Amino acid sequence: MSKQAAASKPSDERWFDAIVYILAALVMAAVLYPLIFVISASFSDPAKVLGGEVWLLPKNVSMAAYQNILHNRDIWNGYLNTIIYAAIGTAINMIMTILAAYPLSRPDLPGRKLIMVVITLTMFFSGGLIPTYLLVKNLGMVNTLWALIVPGAIATYNLIVMRTYFQTSIPWELQEAAHMDGCSNWRMLWNIILPLSKPILAVMVLFYAVGHWNSFFNALIYIRDESKYPLQIVLREILMISQSDAVDANVGLESKVLLAESIKYAVIIVSSLPMLILYPFVQRHFVKGVMIGSIKG
């Protein structure tokens with residue numbers, strides 16, 4: 001039946017489908033090739049990488065860069081710190097975003113349009129870096145994990161997306177019926193809204209977790225103690241040290257330069273691997289979650 005339907009398509013539709021598939025293949029290649037190249041370069045002889053001989057598959061497989069990185073105790077401390085920051089930060093982000101998005105999604109909330117205007121303005125205007133630093137310092141959060149979590153406890157864009165999901169995907173009539181049956185707002189949120197919002201919750205967890213995992217700038221500003229460095233700062237220090245050693249060394253200069261080149265690619269893999277592992281678990285919710293508001297019933 002499907003073959004007959006395909007054969008009955010007009011020629012212009014078949015050409016359109018062919019163009020779409022070709023463009024999709026090109027986009028997929030453009031996205032996948034850099035990742036494949038970085039993986040291959042991290043396992044290749046750095047001389048082959050510098051010589052431009054590595055295109056797709058590794059050449060002269062070498063584990064020197066990974067051995068150099070993974071034998072560093074600071075890497076594991078950075079991993080632990082980043083996991084703690086990401087876990088606590090994502091939990092706080094989700095709690096705050098849900099507690100703000102739910103009431104703002106209700107049409108019976110007085111002044112919700114004005115509140116949304118004020119919240120939206122924060123996407124375009126901020127106090128700036130120096131006032132923000134002074135505020136964090138006066139609150140006593142410098143050199144603590146709270147300096148990486150509290151200032152960004154709610155992302156305005158994520159709040160708007162979640163509020164839109166609650167408005168468009170969960171019928172107001174369902175909420176009214178629950179209220180008539182004596183359901184409180186807290187029970188409504190916990191037993192009705194959240195179970196029906198798994199797609200958007202999965203997307204928000206991914207967005208927030210990736211944001212915390214890749215957080216670099218705030219840690220660079222607020223964290224002073226090396227034992228509290230997140231992974232991104234630790235990897236930056238390792239990369240800078242390896243490059244400075246290569247420049248300053250008088251003996252074995254060539255080998256150090258090559259090792260520093262290989263470490264660059266290994267650092268990318270080490271820092272990206274956990275998020276690459278996390279994504280497949282939320283991928284099935286991702287498409288539905290990011291299309292919130294595009295279709296209204």
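Ranking of H179, H212 by solvent-accessible surface, largest first: H179, H212 (1.4 Å probe, protein heavy atoms only, all chains present). I want to check a number: in the chain, how many lysine pairs have alpha carbons closer than 25 Å, given a sequence separation of 8 or more or different chains? Number of lysine pairs found: 12.
Between the beta carbons of E53 and F217, assuming R0 = 41 Å, the FRET efficiency works out to 0.70 to the nearest 0.05. Each label was represented as a point 7 Å from its Cα along the Cα-to-Cβ direction; for M123 and D181 these points are 3.5 nm apart.
Hey, what's the chain come to in accessible area per residue, 1.4 Å probe, Å²?
Values: 18240 Å² over 297 residues.
Ligands and nucleic acids excluded, the figure is 61 Å² per residue.
A probe of 1.4 angstrom, applied to the heavy atoms of all protein chains, finds E226 with accessible area near 130 square angstrom.
Using alpha carbons only, the radius of gyration of the range 2-62 set against its Kirkwood radius gives Rg/Rh = 1.36.
Calculate the translational D of the range 53-176 in whole µm² s⁻¹ from Stokes-Einstein, where the hydrodynamic radius comes from the Kirkwood formula applied to all Cα pairs, the temperature is 20 °C and the viscosity 1.002 mPa s. Each step should come with its number before you reach the end.
Numbers: Rh = 18.6 Å.
Answer from the Stokes-Einstein relation: 115 µm²/s.
Using a probe radius of 1.4 angstrom, the carbon and sulfur fraction of the accessible surface of the chain is 68%.
Between the beta carbons of R73 and T168, assuming R0 = 51 Å, the FRET efficiency works out to 0.55 to the nearest 0.05. Rounded to the nearest 0.05, the FRET efficiency derived from the C-beta distance between Y66 and I95 at R0 = 45 Å is 0.75.
Rounded to two decimals, the Cα-based Rg/Rh of the range 69-296, with Kirkwood Rh, is 1.08.
If you average 1/r across every pair of different Cα atoms in the range 152-193 and take the reciprocal, what Kirkwood value do you get, in Å?
Numbers: mean 1/r = 0.0876 Å⁻¹.
Mean inverse Cα-Cα distance, inverted, gives 11.4 Å.
Length available on full extension from I130 to L32: 0.36 nm per residue minus the Cα-Cα distance, which gives 31.4 nm.
The values are calculated or read from the model by the stated rules, or taken from the named source; none is laboratory data. Small disclaimer: the values here were computed from a predicted structure and weren't measured. Quick reminder, even Gly has a Cβ in these numbers, built from the backbone with ideal geometry, and neighbours come from all protein chains shown. Just so you know, the surface numbers come from the protein's heavy atoms only, side chains and all, with ligands and any DNA or RNA stripped out. Shrake-Rupley method; radii C 1.70, N 1.55, O 1.52, S 1.80 Å.
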